[in-house]
Each structure stands twice: as structure tokens, then as C-alpha cells.
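The values are calculated or read from the model by the stated rules, or taken from the named source; none is laboratory data. Predicted, not measured: the structure shown is a model, and the values here were computed from it. Positions of Cβ are generated from backbone atoms using ideal geometry, with glycine treated the same way; all protein chains shown enter the neighbour counts. Note: accessible area is taken over every heavy atom of the protein model, side chains too, but ligands, DNA and RNA are not part of it. Shrake-Rupley method; radii C 1.70, N 1.55, O 1.52, S 1.80 Å.
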Amino acid sequence: MKEQSRLLSLIESGFAALRILIIGDVMLDRSIWGDVDRISPEAPVPVLRSVRTTSAPGGAANVAMNLVGLGVSVDQAGFWGDDAEMRELRGLLASANVDLSGMVASCHPTISKTRVTSRNQQLLRLDVESAEPRPAAEHQALLERALELVRTADAVILSDYDKGALTAPLCQAVIALARQRRIPVLADPKGRDFSKYAGTTTICPNLQELGLVTGIPSRNLAALLAAAQQLVGQLGIDYMTVTMSEKGIRILYPGSMFHSPTRAREVFDVTGAGDTVIATLAASLAAGLDPETAVTLANIAAGIVVAKTGTAPISRHELVAEFTASAQMKAPDKILDLPHLLVRLAEWRASGDRIVFTNGCFDILHVGHITLLEQCREFGDKVIIGLNSDASVRQLKGPTRPLVSESERARVLAALGATDAVIIFDQPTPLELIQAVRPDVLVKGGDYTASTIVGADDVVTWGGRVEIVPTVTGASTTNTIRKMTSSH
């Protein structure tokens with residue numbers, strides 16, 4: 001319970017205190033979306049009628065965008081050319097506040113990938129890059145800039161797409177300095193030899209990449225993982241983090257393993273999922289989480305992005321929405337003060353959730369209360385309860401009430417699956433709280449009209465609506481108390 005609370009707090013703060021450096025192969029990802037309804041008369045190929053074109057940072061730059069989505073301050077180091085693709089990519093990264101002082105101008109073109117897609121089916125990918133080696137002066141410039149940025153980083157990611165940015169000398173120099181500073185250094189590898197990543201905190205291959213290095217096919221999973229476990233010791237890394245698609249993520253230590261299974265989710269596009277994993281893992285490790293917890297969080301993040309199409313980074317509001325799903329939230333994490341509630345509201349709204357608000361004393365919970373909250377759940381996505389404090393209950397009900405303290409009432413309400421947040425208020429009415437929350441739906445139980453419900457006019461002015469739930473006959477705290485005293 002404490003670990004989940006810590007994770008939620010970390011996500012909601014956006015890992016804001018962290019600065020992470022990504023070094024690697026930066027590229028521009030373009031997507032052309034359209035419809036195919038005929039075959040070309042010139043050749044047996046489909047004719048795509050283009051509907052829209054999108055561009056996004058790709059490769060190591062997509063790792064940066066994932067970190068930005070988590071709220072991390074990011075430094076980017078790599079190569080790009082002097083061309084239209086560079087200017088477009090630079091604009092996208094600069095608008096996300098990525099520090100680009102580590103980027104080196106190259107005589108080669110900016111790497112770009114263009115995917116042609118129709119009805120969520122990729123038809124073609126066009127890559128623009130140079131196969132020629134880069135001049136030594138460019139590599140030296142990147143090394144110097146990278147080492148300078150390592151000195152102020154909380155973690156380093158080596159994002160290798162086998163495009164020439166990450167040479168063995170650069171990797172080893174960066175790893176040595178990061179280890180000297182005792183900060184995590186993670187590698188997303190490519191190629192048949194992992195030796196240039198020796199000494200990292202962790203290397204994060206997928207099964208195909210691991211099979212290429214070990215020579216063992218991924219269908220022979222047990223033998224493949226055993227061989228990878230031997231590499232951990234040979235490379236002098238702390239552990240290996242293996243992404244296994246629908247099988248989840250496996251941490252391989254020298255003498256043990258940890259498995260984080262995937263959550264069931266419809267997969268639309270796995271593009272960039274590895275970038276999301278290493279970005280979330282790096283942020284989590286830099287924030288002090290243990291590897292198992294960090295991998296579990298990274299697995300959740302990857303599950304979110306594979307449900308999107310194209311290169312799409314994770315964002316913290318998506319993680320908050322995943323963590324605050326009522327079925328898995330612990331009751332204490334639902335009891336919030338106003339500043340924390342407003343943060344969570346912003347995350348929920350960013351995910352498109354409709355906010356429902358109701359309020360009351362809820363002194364001795366009964367079937368009428370449950371009916372009200374069940375109805376609230378039907379009116380929207382997130383249900384917030386404004387709970388009268390002990391002082392305000394006494395003011396409304398008299399000196400003998402409440403029978404149950406505000407902390408106990410809040411704890412009971414927060415334990416209900418229909419509830420997403422509980423906030424205690426001292427005022428005679430919830431008007432100020434309603435104005436702060438700005439719910440999409442205001443719900444009240446009982447014989448009210450919209451004109452007599454506190455806050456109703458305000459809700460309507462910002463486009464919300466008011467719902468009145470009829471009371472359950474005979475269900476009230478007063479009747480419950482009367483029955484208890486009469487039977488006694």
C-alpha cells in the first residue's frame with residue numbers, strides 16, 4: 001500500500017526534480033495516412049489517396065519525448081543534418097523544452113523514417129539516411145558534449161538504433177563517468193555485440209535483439225534467457241532487462257530472475273514501445289525506485305502506448321489514470337486535500353474523463369448512500385465525494401452528531417469501488433469546493449429541485465449538468481439511529 005502511494009505521488013509530481021540525458025540516433029518519424037481503393041495501372045501496387053501527414057520525434061528523440069511526457073527535464077545528444085528534416089525535428093523538440101545543446105551538426109542528412117498506412121495497416125516504410133561513416137571530428141564533438149552533459153544528469157540513456165552515433169569509445173567514456181557519479185546508465189542495444197555497453201546499470205534488449213547476440217532463437221525462450229543471464233556477469237552489468245512483447249518484461253540478475261507480466265490490452269502498434277520502457281525505467285531508477293518496481297511501472301507505460309497508433313510517447317496523465325482506476329486504488333490514496341485533488345483532476349481531464357461530484361455527511365452508511373454513489377458512477381467516469389467535516393456536521397445536525405468521525409467516514413467511503421476521491425470540507429455548504437472542482441455532473445440525492453441545490457447554477461454556467469437521485473424510502477441515518485435506540 002505504501003509503495004503504491006509512493007508511486008502515485010511520484011507520477012503526479014511528474015518526476016519533476018530529475019534531469020536525464022539521452023545520447024543516440026535521433027531521427028524524424030513521418031506518417032502518411034490515407035485510403036486505398038484501387039491498384040495502380042502502372043504496376044501491381046496499391047494507390048494510396050493521402051488524407052493526412054503527421055511528424056514526430058523518433059529513435060532517441062522519441063525516448064526524449066517519453067521522458068518529457070513523464071515531466072522529466074531532458075538533454076538530447078546526437079547528430080542531425082542541415083536540412084528541412086532537421087528544422088522540423090528541432091522545432092518539435094524545442095517546443096517540448098528539450099535541451100538541444102548536445103546535438104552536433106553533421107555532413108550527413110537527418111535520419112528520417114516515413115510510414116505509409118491505410119486503415120491501421122502499414123503498407124510501406126521509406127528510410128532516408130547515409131551509410132557512409134561520419135568524420136572523426138563529428139564523433140569527437142559529440143563525445144565532448146555528451147560528457148559535459150553527463151556531469152549534470154541524474155541518469156543517462158544510450159539509445160542505439162545502429163545508425164552510427166553510439167561508438168564503442170563514446171559508450172565506454174559515458175558509462176565510466178556515469179558510474180563514477182553513481183547515476184544509472186541504461187542501454188537500448190542494437191547489433192550482434194553488446195560489449196560496448198559493458199558496465200552499464202542495465203541493457204534493455206527485446207527477444208529478437210537478444211537472439212541475434214546469443215545465436216539462440218526466441219522460440220527457445222528458456223535457453224535464450226539462460227544465455228542472457230550469463231551475459232550479465234560477462235558484461236559486468238547489474239542486470240539485464242528483457243522486453244518480451246506479450247510475455248511481459250524479465251529482469252535477469254546473475255543468480256535470479258524477476259518477471260513482470262503484461263496487462264491484457266488490445267495492441268494497435270508496437271512502434272516506440274521499447275523507447276517508452278527505457279524512458280520510464282530510467283526515470284524510475286533515477287527517482288530511487290528498486291528495479292522490480294521500476295520495471296513494473298515501465299510495463300504499465302508500454303501497455304498504454306501499444307494501444308495507440310504510430311510513434312506516440314507516454315504521458316503522466318495516462319499513468320495516473322491507469323493507477324487511479326477505482327478497482328485497484330487503495331482507500332488511503334483516494335482521500336485527498338484540495339491541492340492534491342486538483343492535480344488529480346487535471347490528470348483525469350487530460351485523459352478525457354467526465355467528473356461527477358456529490359456531497360453529504362454520510363454518517364452511518366446505508367443503502368440510500370450506496371444507491372446514490374452507484375448512480376453517480378453511471379453519470380460519469382470519476383466520482384468525487386465532498387464529505388462534511390465533524391465540525392460542519394455538528395453545525396448542520398446538532399451537538400450529538402456525527403456518530404462516526406470524519407476520518408472513519410472518509411476511510412469507509414474511499415474503500416467503495418464507486419468512489420475515486422474523497423475530500424473533507426469545513427464550510428457550511430460545498431459551494432467553494434464545487435467551484436474549485438468544476439464537475440461535469442453535480443449529483444444530489446433527495447427531494448430537491450435544481451434551483452435549491454447548492455452550486456447548481458455554477459455547474460450549468462460552465463456547461464455541466466445537475467442530476468437528482470430519488471431517496472430510497474426509509475433509508476436515512478436518522479431512521480437508522482431511531483431503530484438502534486428503540487431496539488436497545
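Give a residue-ordered list of calculated ³J(HN,Hα) values for the range 240-246 (Karplus: 6.51 cos²θ - 1.76 cosθ + 1.60, θ = phi - 60°; whole Hz; x for Gly, Pro).
Residue by residue, the range 240-246 yields 10, 10, 9, 8, 10, 6, 5 Hz.
For every helix of n ≥ 4 consecutive DSSP H residues, a contribution of -39,500 (n - 2.57) applies; sum these over the chain, divide by its total residues, and give [θ] at 222 nm rounded to the nearest 500 deg cm²/dmol. It would help to have the intermediate numbers written out before the result.
Details: 18 runs with 192 residues, N = 488.
So the calculated ellipticity at 222 nm is -12000 deg cm²/dmol.
Hey, can you grab everything whose amide H is under 5 Å from the amide H of Leu123? Only 5+ residues off in sequence or another chain; H modelled, so Pro and N-termini drop out.
The answer is Val116, Thr117, Ser118.
Which percentage, to the nearest 5, of the DSSP beta bridges contained in the chain is antiparallel?
Values: 28 of 79 bridges.
Approximately 35 percent, going by the DSSP bridge assignments.
Calculate the dipole size of the chain relative to its Cα centre from +1 charges on Lys and Arg beta carbons and -1 charges on Asp and Glu beta carbons; express the result in debye to the nearest 20. Before the final figure, lay out the partial values.
Values: 47 positive and 53 negative charges, 171 e Å.
It comes to approximately 820 debye.
Which is the longest stretch in the chain that no exposed loop site breaks, taking sites as GluC sites (Glu not before Pro) with a DSSP loop state and at most 11 other Cβ atoms within 10 Å? Write out the running numbers ahead of the final one.
On the way: sites that count: Glu42, Glu266.
Counting at most 11 other Cβ atoms within 10 Å as exposed, the longest clean stretch of the chain is 43-265.
Looking at Pro402, Thr461, Ile370, which one has the Cα that reaches farthest to the positive end of the dipole of the range 357-461 (charges on Cβ: Lys, Arg +1; Asp, Glu -1)?
Pro402
Mind checking which of Val320, Thr452, Thr280 is farthest towards the positive end of the chain's charge dipole, using Cβ charges of +1 (Lys, Arg) and -1 (Asp, Glu) about the Cα centre?
The Cα lying farthest towards the positive end belongs to Thr452.
In what order, largest first, do Lys190, Lys444 sit by accessible area if the probe radius is 1.4 Å?
Largest accessible area first, the list is Lys190, Lys444.
Of the listed pairs Lys330/Lys397; Lys163/Lys247; Lys113/Lys190, which have alpha-carbon separations greater than 27 Å here? Show your work: numbers first, answer last.
On the way: Lys330/Lys397 31 Å; Lys163/Lys247 29 Å; Lys113/Lys190 17 Å.
Flagged as over cut-off: Lys330/Lys397; Lys163/Lys247.
Say each of Gln234 and Asp162 gets a label point 7 Å from the Cα, pointing the same way as Cα to Cβ; how far apart are those two points in nm?
My value for the distance between the label points is 1.8 nm.
Quick one: which residues, 5 or more positions from Ile335 or on another chain, have an amide H under 5 Å from its amide H? H modelled 1.01 Å from N in the peptide plane, none for Pro or chain starts.
HN-HN under 5 Å from Ile335: Val422.
In units of 2.2 N^0.38 Å, what is the alpha-carbon radius of gyration of the chain? Intermediate results must be reported in sequence, preceding the final value.
Details: Rg = 27.4 Å, N = 488, 2.2 N^0.38 = 23.1 Å.
So the Cα radius of gyration is 1.18 times the expected 2.2 N^0.38 Å.
Provide the per-residue ³J(HN,Hα) series for the range 166-183, in order, calculated from phi with Karplus coefficients 6.51, -1.76, 1.60 and θ = phi - 60°, each as a whole number of Hz, with x at glycine and proline positions.
So the Karplus estimates, Gly and Pro as x, are 9, 7, 4, x, 5, 4, 5, 5, 5, 4, 4, 5, 5, 5, 4, 7, 6, 10 Hz.
Return the sequence-ordered ³J(HN,Hα) values of the range 80-95 in whole Hz as given by the Karplus equation 6.51 cos²θ - 1.76 cosθ + 1.60 applied to θ = phi - 60°, using x for Gly and Pro.
Residue by residue, the range 80-95 yields 8, x, 10, 8, 5, 5, 4, 5, 5, 5, 4, x, 5, 6, 5, 5 Hz.
Amide H neighbours of Arg465 under 5 Å, counting only residues 5+ apart in sequence or on other chains, H built in-plane at 1.01 Å?
Val441, Leu442
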